[in-house]
Structure formats: structure tokens, C-alpha cells
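The values are calculated or read from the model by the stated rules, or taken from the named source; none is laboratory data. Predicted model only: the values in this text are computed from it and were never measured. Neighbour counts run over all protein chains shown; Cβ positions are idealised from the backbone, glycine included. These area figures cover heavy atoms from the full protein model, side chains too; ligands, DNA and RNA do not enter into them. Shrake-Rupley method; radii C 1.70, N 1.55, O 1.52, S 1.80 Å.
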Amino acid sequence: MSSSRVGLRLAACLLNVSEAGRKYIVENIAKAALLDKNGKKHLQVSVLNIFSDQDYNRSVITIATSVDKLVDKRNQA
């Protein structure tokens, strides 16, 4: 599905993680969103923000990509 309008259509994900005290764990989760299973960077995928709340031991990682880069894996073998 493509758009004739100028601009990029984005899909965003707000990933809630039950971890805030160990920064390296939250950062590794964010890095995993940027890489495929072979360690290559996904094109047009960005981590927009990481917010960690120490009091509630929660982090929210905001990830975005182009809608056109999303793949429906339900029909893949």
C-alpha cells in the first residue's frame, strides 16, 4: 500500500519494559529493535525515545518505521 502524497507514513510502537534500574538492559532491547536476526541494521527504523522511571521500575521505548517497510509474516512459511 503506497500513498501518492508527499511524505513518509510512519508506524510507531511504544514498548513498555519492566526494567529501569539496569540501563544496559533497556539499551540492549532498544538496539535489538534496530537490528535483524543477522545483526544488520534495519533501514528506516529509529528509536525515537527511551524514558525510564526508576520509582516504578518501568521504561518506555518509542520505535518508529515506515509503514511500507512492515511485513505481514502471517502468510510466510
For this session: Scan N38, N28 and give me the residue that is in a helix (DSSP H, G or I) and not β-branched (V, I, T).
Result: N28
Problem set entry | Selection count, segment 55-71, where residues are open to solvent by 70 Å² or more (accessible area, probe 1.4 Å), of a type outside the set (D, E) and either at pLDDT 95 or above or not in a loop (DSSP other than H, G, I, E, B) (or both) | 3
Problem set entry | Selection count, segment 24-53, where residues are farther than 22 Å from A11 by Cβ, modelled with pLDDT of 95 or more and either open to solvent by 100 Å² or more (accessible area, probe 1.4 Å) or among the hydrophobic types (A, V, I, L, M, F, W, C) (or both) | 2
